[in-house]
Amino acid sequence: MSSVLSPSNTSISLTRYLIEEQRAGRINPDLRLLIEVVARACKTISIAVGKGALGGVLGDAGTPGAASMNIQGEAQKKLDVLSNEILLEANAWGGHLAGLASEEMDTSHPIPDVYPRGNYLLLFDPLDGSSNIDVNISVGTIFSVLRAPEGVTQAQDQDFLQPGTEQVCAGYTTYGPSTMLVLTIGNGTHAFTLDREVGSFVLTTRGMQIPDDTKEFAVNMSNQRHWQPPMQAYVTDLLAGKEGPRGKDFNMRWVASMVADVHRILTRGGIFSYPLDAKCAAQGGKLRLMYEANPMSFLVEQAGGAASTGRQRLLEVQPTGLHMRVPVFLGSKAEVETAVRYHHEFDAEQA
Ligand code: P6P
(Lines give C-alpha, C1' and ligand atoms only; values in the text may rest on other atoms or scores of the structure.)
Protein backbone atom coordinates (compact mmCIF):
# COMPACT_ATOMS: atom_id res chain seq x y z
CA MET A 1 0.00 0.00 0.00
CA SER A 2 1.49 3.39 -0.98
CA SER A 3 1.98 5.70 1.96
CA VAL A 4 0.35 9.11 1.87
CA LEU A 5 3.85 10.27 2.68
CA SER A 6 5.50 8.61 -0.31
CA PRO A 7 8.31 10.82 -1.68
CA SER A 8 6.32 11.57 -4.82
CA ASN A 9 3.59 13.49 -2.99
CA THR A 10 5.26 14.73 0.18
CA SER A 11 5.42 18.51 0.31
CA ILE A 12 8.94 19.84 0.75
CA SER A 13 9.31 22.57 3.33
CA LEU A 14 11.97 25.28 3.11
CA THR A 15 13.73 23.59 6.01
CA ARG A 16 13.83 20.24 4.20
CA TYR A 17 15.03 21.94 0.98
CA LEU A 18 17.85 23.64 2.89
CA ILE A 19 18.84 20.46 4.74
CA GLU A 20 19.01 18.61 1.41
CA GLU A 21 21.16 21.42 -0.08
CA GLN A 22 23.42 21.25 2.99
CA ARG A 23 23.63 17.45 2.70
CA ALA A 24 24.65 17.96 -0.95
CA GLY A 25 27.41 20.30 0.20
CA ARG A 26 25.99 23.38 -1.52
CA ILE A 27 25.42 25.36 1.69
CA ASN A 28 26.87 25.17 5.21
CA PRO A 29 24.95 25.25 8.53
CA ASP A 30 25.54 28.98 9.03
CA LEU A 31 24.07 29.90 5.63
CA ARG A 32 21.18 27.53 6.26
CA LEU A 33 20.51 29.28 9.59
CA LEU A 34 20.74 32.69 7.90
CA ILE A 35 18.13 31.79 5.27
CA GLU A 36 15.82 30.24 7.89
CA VAL A 37 16.10 33.36 10.07
CA VAL A 38 15.37 35.71 7.17
CA ALA A 39 12.41 33.56 6.09
CA ARG A 40 11.03 33.62 9.64
CA ALA A 41 11.39 37.42 9.76
CA CYS A 42 9.53 37.66 6.44
CA LYS A 43 6.67 35.64 7.94
CA THR A 44 6.44 38.24 10.71
CA ILE A 45 6.49 41.05 8.13
CA SER A 46 3.79 39.22 6.16
CA ILE A 47 1.55 39.22 9.24
CA ALA A 48 2.11 42.95 9.81
CA VAL A 49 1.51 43.79 6.13
CA GLY A 50 -1.57 41.57 6.05
CA LYS A 51 -3.25 43.42 8.90
CA GLY A 52 -3.46 46.56 6.74
CA ALA A 53 -5.45 49.33 8.37
CA LEU A 54 -6.33 47.03 11.27
CA GLY A 55 -2.69 46.90 12.33
CA GLY A 56 -2.28 50.64 12.84
CA VAL A 57 0.90 50.56 10.73
CA LEU A 58 -0.20 52.21 7.49
CA GLY A 59 0.87 55.67 6.47
CA ASP A 60 4.13 57.59 6.86
CA ALA A 61 6.56 57.14 9.71
CA GLY A 62 7.44 60.23 11.75
CA THR A 63 4.99 62.89 12.90
CA PRO A 64 2.03 64.31 10.92
CA GLY A 65 3.41 66.77 8.35
CA ALA A 66 7.00 65.71 9.13
CA ALA A 67 7.47 62.22 7.66
CA SER A 68 10.83 60.65 8.46
CA MET A 69 13.10 60.44 5.41
CA ASN A 70 15.65 57.75 4.59
CA ILE A 71 19.05 58.28 2.97
CA GLN A 72 17.34 57.83 -0.39
CA GLY A 73 15.39 61.03 0.29
CA GLU A 74 12.19 58.96 0.37
CA ALA A 75 9.45 59.34 2.97
CA GLN A 76 9.55 56.24 5.16
CA LYS A 77 6.35 54.31 5.73
CA LYS A 78 5.67 52.97 9.21
CA LEU A 79 5.95 49.48 7.71
CA ASP A 80 9.37 50.33 6.22
CA VAL A 81 10.65 51.07 9.71
CA LEU A 82 8.87 48.09 11.31
CA SER A 83 10.11 45.66 8.63
CA ASN A 84 13.66 46.95 9.04
CA GLU A 85 13.49 46.44 12.82
CA ILE A 86 12.09 42.93 12.41
CA LEU A 87 15.01 41.95 10.16
CA LEU A 88 17.62 43.56 12.43
CA GLU A 89 16.27 41.82 15.55
CA ALA A 90 15.91 38.44 13.84
CA ASN A 91 19.52 38.48 12.59
CA ALA A 92 21.29 39.92 15.65
CA TRP A 93 21.73 36.79 17.85
CA GLY A 94 22.33 33.90 15.45
CA GLY A 95 26.10 34.19 15.14
CA HIS A 96 26.02 33.91 11.33
CA LEU A 97 26.68 37.55 10.36
CA ALA A 98 29.57 40.01 10.38
CA GLY A 99 27.24 42.88 9.53
CA LEU A 100 24.01 44.02 7.87
CA ALA A 101 23.07 46.81 5.46
CA SER A 102 19.62 48.13 4.64
CA GLU A 103 17.98 50.58 2.27
CA GLU A 104 16.56 52.20 5.40
CA MET A 105 19.90 52.79 7.14
CA ASP A 106 22.57 55.30 6.09
CA THR A 107 25.52 53.05 6.97
CA SER A 108 26.00 49.35 7.62
CA HIS A 109 24.80 47.98 10.96
CA PRO A 110 27.15 46.09 13.33
CA ILE A 111 26.23 42.92 15.19
CA PRO A 112 25.86 43.88 18.89
CA ASP A 113 28.97 42.97 20.91
CA VAL A 114 26.92 40.69 23.20
CA TYR A 115 26.31 38.27 20.33
CA PRO A 116 28.72 36.02 18.38
CA ARG A 117 29.50 36.90 14.79
CA GLY A 118 29.86 34.90 11.60
CA ASN A 119 31.18 35.05 8.06
CA TYR A 120 28.22 36.45 6.13
CA LEU A 121 26.99 39.90 5.20
CA LEU A 122 23.25 40.45 4.79
CA LEU A 123 21.85 43.31 2.72
CA PHE A 124 18.15 44.01 2.31
CA ASP A 125 15.40 46.29 1.20
CA PRO A 126 13.01 45.52 4.04
CA LEU A 127 9.85 46.60 2.26
CA ASP A 128 10.26 47.30 -1.43
CA GLY A 129 7.47 49.16 -3.18
CA SER A 130 6.16 50.50 0.10
CA SER A 131 4.53 53.47 -1.64
CA ASN A 132 1.97 50.82 -2.67
CA ILE A 133 1.24 49.66 0.87
CA ASP A 134 -1.44 52.28 1.55
CA VAL A 135 -3.32 51.27 -1.60
CA ASN A 136 -3.12 47.53 -0.87
CA ILE A 137 -0.89 46.55 -3.79
CA SER A 138 1.76 43.80 -3.45
CA VAL A 139 5.04 44.76 -1.78
CA GLY A 140 8.04 42.67 -0.84
CA THR A 141 11.32 42.14 0.98
CA ILE A 142 14.52 41.73 -1.06
CA PHE A 143 17.74 40.28 0.39
CA SER A 144 21.27 39.50 -0.72
CA VAL A 145 24.04 37.53 1.04
CA LEU A 146 27.79 38.03 0.59
CA ARG A 147 30.76 36.49 2.38
CA ALA A 148 32.64 38.82 4.70
CA PRO A 149 36.25 39.39 3.53
CA GLU A 150 38.79 37.00 5.09
CA GLY A 151 39.42 37.87 8.74
CA VAL A 152 36.61 40.45 8.98
CA THR A 153 34.32 39.82 11.94
CA GLN A 154 32.88 43.32 12.39
CA ALA A 155 32.17 44.55 8.87
CA GLN A 156 32.53 48.14 7.74
CA ASP A 157 30.74 49.69 4.75
CA GLN A 158 33.62 48.97 2.36
CA ASP A 159 33.43 45.22 3.18
CA PHE A 160 30.03 45.11 1.50
CA LEU A 161 31.27 46.66 -1.78
CA GLN A 162 31.52 43.41 -3.75
CA PRO A 163 30.13 42.80 -7.26
CA GLY A 164 26.92 40.79 -7.57
CA THR A 165 28.85 37.78 -8.84
CA GLU A 166 30.10 37.34 -5.24
CA GLN A 167 26.58 36.72 -3.87
CA VAL A 168 26.15 33.29 -2.25
CA CYS A 169 22.40 33.67 -1.86
CA ALA A 170 19.62 36.05 -2.94
CA GLY A 171 15.89 36.11 -2.56
CA TYR A 172 12.71 38.05 -2.10
CA THR A 173 9.41 37.56 -0.36
CA THR A 174 6.35 38.93 -2.11
CA TYR A 175 3.38 39.84 0.10
CA GLY A 176 0.60 39.40 -2.42
CA PRO A 177 -2.57 37.28 -2.59
CA SER A 178 -0.24 34.61 -1.22
CA THR A 179 3.09 35.18 0.50
CA MET A 180 5.90 33.63 -1.54
CA LEU A 181 9.63 33.33 -0.95
CA VAL A 182 11.76 33.05 -4.09
CA LEU A 183 15.32 31.95 -3.43
CA THR A 184 18.60 31.05 -5.09
CA ILE A 185 21.81 29.71 -3.56
CA GLY A 186 23.33 29.44 -7.03
CA ASN A 187 21.60 26.12 -7.84
CA GLY A 188 18.55 27.39 -9.72
CA THR A 189 15.74 29.70 -8.60
CA HIS A 190 12.96 28.13 -6.53
CA ALA A 191 9.62 29.38 -5.20
CA PHE A 192 8.09 28.59 -1.83
CA THR A 193 4.52 29.47 -0.80
CA LEU A 194 3.65 30.26 2.81
CA ASP A 195 1.23 27.71 4.28
CA ARG A 196 -0.37 30.00 6.83
CA GLU A 197 -2.10 27.13 8.66
CA VAL A 198 1.18 25.36 9.34
CA GLY A 199 3.29 28.54 9.33
CA SER A 200 5.97 27.20 6.98
CA PHE A 201 7.14 27.91 3.45
CA VAL A 202 6.44 24.97 1.10
CA LEU A 203 8.33 24.36 -2.18
CA THR A 204 5.82 25.08 -4.96
CA THR A 205 8.10 25.59 -7.96
CA ARG A 206 11.49 23.88 -8.21
CA GLY A 207 13.57 25.45 -10.98
CA MET A 208 11.77 28.55 -12.26
CA GLN A 209 12.57 29.13 -15.96
CA ILE A 210 12.13 32.46 -17.75
CA PRO A 211 11.15 32.03 -21.44
CA ASP A 212 13.86 33.47 -23.72
CA ASP A 213 11.37 35.58 -25.69
CA THR A 214 8.49 37.72 -24.55
CA LYS A 215 5.70 40.04 -25.62
CA GLU A 216 5.47 41.89 -22.30
CA PHE A 217 7.52 44.81 -21.03
CA ALA A 218 7.53 46.63 -17.71
CA VAL A 219 8.62 50.28 -17.57
CA ASN A 220 7.26 53.51 -16.10
CA MET A 221 6.13 55.13 -19.38
CA SER A 222 5.58 58.50 -17.67
CA ASN A 223 9.37 58.94 -17.79
CA GLN A 224 9.51 58.55 -21.58
CA ARG A 225 10.40 62.19 -22.31
CA HIS A 226 13.33 61.89 -19.90
CA TRP A 227 14.92 58.79 -21.42
CA GLN A 228 18.20 58.69 -23.34
CA PRO A 229 17.97 58.07 -27.15
CA PRO A 230 18.60 54.28 -27.11
CA MET A 231 15.76 53.74 -24.63
CA GLN A 232 13.51 56.02 -26.67
CA ALA A 233 14.32 54.01 -29.82
CA TYR A 234 13.87 50.65 -28.09
CA VAL A 235 10.44 51.47 -26.64
CA THR A 236 9.26 53.23 -29.81
CA ASP A 237 9.88 49.99 -31.69
CA LEU A 238 8.08 47.98 -28.99
CA LEU A 239 5.04 50.28 -29.31
CA ALA A 240 5.10 50.01 -33.14
CA GLY A 241 3.97 46.40 -32.67
CA LYS A 242 3.37 43.97 -35.53
CA GLU A 243 3.72 46.63 -38.25
CA GLY A 244 6.98 47.85 -36.72
CA PRO A 245 10.55 46.51 -36.78
CA ARG A 246 9.82 44.01 -33.99
CA GLY A 247 7.07 42.33 -36.02
CA LYS A 248 4.91 41.55 -32.98
CA ASP A 249 2.55 43.33 -30.63
CA PHE A 250 3.66 43.87 -27.01
CA ASN A 251 1.72 44.20 -23.74
CA MET A 252 2.79 46.44 -20.85
CA ARG A 253 2.63 46.02 -17.08
CA TRP A 254 4.00 48.36 -14.37
CA VAL A 255 3.18 47.68 -10.72
CA ALA A 256 5.78 50.15 -9.34
CA SER A 257 6.80 47.39 -6.96
CA MET A 258 9.95 45.73 -8.27
CA VAL A 259 9.26 42.50 -6.38
CA ALA A 260 5.81 42.17 -7.99
CA ASP A 261 7.09 42.98 -11.49
CA VAL A 262 10.08 40.65 -11.21
CA HIS A 263 7.93 37.84 -9.78
CA ARG A 264 5.63 38.09 -12.81
CA ILE A 265 8.66 37.94 -15.11
CA LEU A 266 10.14 34.92 -13.31
CA THR A 267 6.73 33.26 -13.60
CA ARG A 268 5.79 34.02 -17.24
CA GLY A 269 8.63 35.99 -18.85
CA GLY A 270 8.97 39.66 -19.79
CA ILE A 271 11.48 42.46 -19.54
CA PHE A 272 11.70 44.88 -16.62
CA SER A 273 13.47 48.17 -17.12
CA TYR A 274 14.31 51.19 -15.03
CA PRO A 275 16.75 52.99 -17.39
CA LEU A 276 18.70 56.13 -16.81
CA ASP A 277 16.50 59.18 -17.24
CA ALA A 278 17.12 62.93 -16.90
CA LYS A 279 15.59 62.81 -13.39
CA CYS A 280 17.87 60.12 -11.98
CA ALA A 281 20.94 60.22 -14.28
CA ALA A 282 22.90 62.31 -11.77
CA GLN A 283 22.50 59.56 -9.14
CA GLY A 284 23.36 56.84 -11.65
CA GLY A 285 19.80 55.51 -11.86
CA LYS A 286 16.70 54.97 -9.71
CA LEU A 287 17.16 51.44 -8.37
CA ARG A 288 19.80 50.47 -5.82
CA LEU A 289 22.50 48.02 -6.85
CA MET A 290 23.33 46.22 -3.63
CA TYR A 291 19.88 45.26 -2.32
CA GLU A 292 17.56 45.57 -5.33
CA ALA A 293 19.34 45.08 -8.67
CA ASN A 294 22.00 42.54 -7.61
CA PRO A 295 19.74 40.07 -5.81
CA MET A 296 17.09 40.29 -8.53
CA SER A 297 19.76 39.82 -11.22
CA PHE A 298 21.14 36.71 -9.46
CA LEU A 299 17.62 35.21 -9.25
CA VAL A 300 16.89 36.05 -12.90
CA GLU A 301 20.17 34.63 -14.24
CA GLN A 302 19.66 31.45 -12.20
CA ALA A 303 16.26 31.15 -13.91
CA GLY A 304 17.82 31.38 -17.38
CA GLY A 305 17.25 35.09 -17.87
CA ALA A 306 19.65 38.03 -18.26
CA ALA A 307 20.33 41.26 -16.36
CA SER A 308 22.16 44.32 -17.65
CA THR A 309 22.70 48.01 -16.98
CA GLY A 310 22.10 48.43 -20.72
CA ARG A 311 25.83 48.50 -21.23
CA GLN A 312 27.28 45.72 -19.03
CA ARG A 313 26.23 42.56 -17.17
CA LEU A 314 24.66 43.89 -14.01
CA LEU A 315 26.26 41.34 -11.67
CA GLU A 316 29.71 42.55 -12.77
CA VAL A 317 29.21 46.18 -11.69
CA GLN A 318 31.84 47.14 -9.07
CA PRO A 319 29.99 48.95 -6.25
CA THR A 320 31.30 52.33 -5.12
CA GLY A 321 28.87 52.81 -2.25
CA LEU A 322 26.25 50.94 -0.20
CA HIS A 323 23.42 52.88 -1.82
CA MET A 324 24.82 53.06 -5.36
CA ARG A 325 22.13 53.25 -8.03
CA VAL A 326 22.18 51.64 -11.48
CA PRO A 327 20.01 51.44 -14.59
CA VAL A 328 18.32 48.02 -14.82
CA PHE A 329 17.20 45.79 -17.69
CA LEU A 330 16.33 42.23 -16.63
CA GLY A 331 14.17 39.29 -17.67
CA SER A 332 13.76 37.21 -20.82
CA LYS A 333 17.28 36.72 -22.18
CA ALA A 334 16.67 37.45 -25.88
CA GLU A 335 14.66 40.59 -25.05
CA VAL A 336 17.31 41.94 -22.68
CA GLU A 337 19.93 41.29 -25.36
CA THR A 338 17.79 43.26 -27.82
CA ALA A 339 17.50 46.22 -25.44
CA VAL A 340 21.29 46.11 -24.85
CA ARG A 341 21.87 46.05 -28.62
CA TYR A 342 20.00 49.37 -28.97
CA HIS A 343 22.38 50.85 -26.38
CA HIS A 344 25.53 49.39 -27.98
CA GLU A 345 24.48 50.62 -31.45
CA PHE A 346 23.81 54.11 -30.07
CA ASP A 347 27.15 54.18 -28.26
CA ALA A 348 28.94 53.02 -31.43
CA GLU A 349 27.37 55.87 -33.41
CA GLN A 350 28.56 58.34 -30.76
CA ALA A 351 32.12 56.98 -30.78
P1 P6P B 1 8.48 54.69 -9.93
C2 P6P B 1 9.77 51.20 -5.41
O3 P6P B 1 9.92 52.49 -4.81
C4 P6P B 1 10.91 51.02 -6.38
O5 P6P B 1 12.12 51.11 -5.70
C6 P6P B 1 10.76 49.70 -7.10
O7 P6P B 1 10.17 48.73 -6.30
C8 P6P B 1 9.88 50.04 -8.29
O9 P6P B 1 10.13 49.22 -9.41
C10 P6P B 1 10.28 51.49 -8.60
O11 P6P B 1 10.84 52.04 -7.39
C12 P6P B 1 9.08 52.31 -8.99
O13 P6P B 1 9.55 53.60 -9.38
O14 P6P B 1 9.37 55.81 -10.42
O15 P6P B 1 7.71 54.03 -11.03
O16 P6P B 1 7.62 55.04 -8.74
Only one of Asp125, Asp157, Asp134 that is within 16 Å of the ligand (Cβ to nearest atom), more than 19 Å from Leu33 (Cα to Cα) and surrounded by fewer than 17 Cβ atoms within 10 Å (Cβ to Cβ) = Asp134
Would you call Gly186 surrounded by fewer than 24 Cβ atoms within 10 Å (Cβ to Cβ), in the same structural domain as Asp80 (by TED's automatic domain parsing), part of a loop (DSSP other than H, G, I, E, B) and in contact (Cβ under 8 Å) with a residue 60 or more places away in the chain?
-> yes
Every listed condition ((1) under 19 Å from Ile71 (Cα atoms); (2) at pLDDT below 95) holds for Gln350 save (1)
Evaluation of Ala306 against (1) within 16 Å of the ligand (Cβ to nearest atom); (2) touching a residue at least 12 places away in the same chain (Cβ under 8 Å); (3) among the aliphatic types (A, V, I, L, M) (one fails), failing number | (1)
What are the pairs, 6+ residues apart or on separate chains, where a residue within segment 116-133 that is closer than 11 Å to Leu97 by Cα has its Cβ under 6 Å from a residue that is of a type in the set (S, T, N, Q) and within 12 Å of the ligand (Cβ to nearest atom)?
-> none
Looking at this structure, is Ser83 under 20 Å from Ala260 (Cβ atoms), at pLDDT 95 or above and either buried (at least 19 other Cβ atoms within 10 Å of the Cβ) or more than 17 Å from the chain's Cα centre (by Cα) (or both)?
-> yes
So Thr107, is it open to solvent by 70 Å² or more (accessible area, probe 1.4 Å) and modelled with pLDDT of 95 or more | yes
Determine whether Ala233 is of a type in the set (A, V, I, L, M, F, W, C) and either near the ligand (Cβ under 10 Å from one of its atoms) or in the same structural domain as Leu161 (by TED's automatic domain parsing) (or both).
-> no
Might you let me know whether segment 39-52 holds any residue that is in a helix (DSSP H, G or I), among the polar types (S, T, N, Q), at pLDDT 95 or above and open to solvent by less than 20 Å² (accessible area, probe 1.4 Å)?
-> yes
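For (1) under 23 Å from Leu82 (Cβ atoms); (2) in a loop (DSSP other than H, G, I, E, B); (3) within 14 Å of the chain's Cα centre (by Cα), each residue gets a yes or a no:
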position: Thr107; (1), (2), (3): yes, yes, no
position: Ile111; (1), (2), (3): yes, yes, no
position: Arg117; (1), (2), (3): no, yes, no
position: Leu122; (1), (2), (3): yes, no, yes
position: Asp125; (1), (2), (3): yes, no, yes
position: Asn132; (1), (2), (3): yes, no, no
position: Ile137; (1), (2), (3): yes, yes, no
position: Pro149; (1), (2), (3): no, yes, no
position: Ala155; (1), (2), (3): no, yes, no
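The values are calculated or read from the model by the stated rules, or taken from the named source; none is laboratory data. Every value quoted in this text rests on a predicted model; they were computed, and no experiment measured them. So basically every Cβ, Gly included, is an ideal-geometry build from the backbone, and we count neighbours across all protein chains shown. Heads up: the accessible areas ignore ligands, DNA and RNA and are worked out on the full protein's heavy atoms, side chains in. Shrake-Rupley method; radii C 1.70, N 1.55, O 1.52, S 1.80 Å.
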